[in-house]
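Just so you know, all these numbers are worked out from the coordinates, no wet-lab data involved. None of the values given here were measured: they were computed from a predicted structure. Because the Cβ atoms are built from the backbone with ideal geometry, glycine has one as well, and the counts that use them run over all protein chains shown.
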Amino acid sequence: MKDVLLGLLIPLVGTSAGACCVFFMKKELSRSVQRALNGFAAGVMVAASVWSLLIPAMEQAAALDRLAFLPAFCGFWCGVGFLLLLDHVIPHLRLRSERKEPFAVWTISDPSWWRGTTAAG
């Protein structure tokens with residue numbers, strides 16, 4: 001039981017400390033430092049997806065012999081497609097811009113989203 005609590009507390013403390021740093025320093029970081037931290041976070045997420053999701057999926061599909069990569073390959077590209085769909089459907093806010101309204105206001109019933117135009121014009 002002690003090992004379980006320790007295993008839960010270590011990520012909790014690390015995540016909380018990282019969130020506190022971002023919360024208190026968000027206005028003091030230069031743009032280049034913010035970009036470097038975003039790149040680092042993206043690299044960590046890619047590594048986590050490879051070692052924690054893709055490789056175990058290929059190991060579980062080992063019975064397929066030469067096609068053991070296929071379930072992980074298909075799942076990976078389905079995830080990429082889903083994220084691209086979300087990127088096109090969800091309105092974006094452009095940071096550090098003069099305009100404060102969303103970049104585009106898209107709805108499912110408005111076909112302008114797939115033409116790359118905004119609902120406003």
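When M58, M1 are sorted by how many other C-beta atoms sit within 10 angstrom of their C-beta, beginning with the fewest, the order is M1, M58. Summing Cβ point charges (Lys, Arg +1; Asp, Glu -1) relative to the Cα centre of segment 24-91 gives a dipole of roughly 380 debye.
Rounded to whole Å, the principal axis extents of the Cα atoms in segment 2-65 read 53, 36, 9, largest first.
Positive-end ranking of S49, A19, S30 along the dipole of segment 2-65, with charges on Cβ about the Cα centre, is headed by S30.
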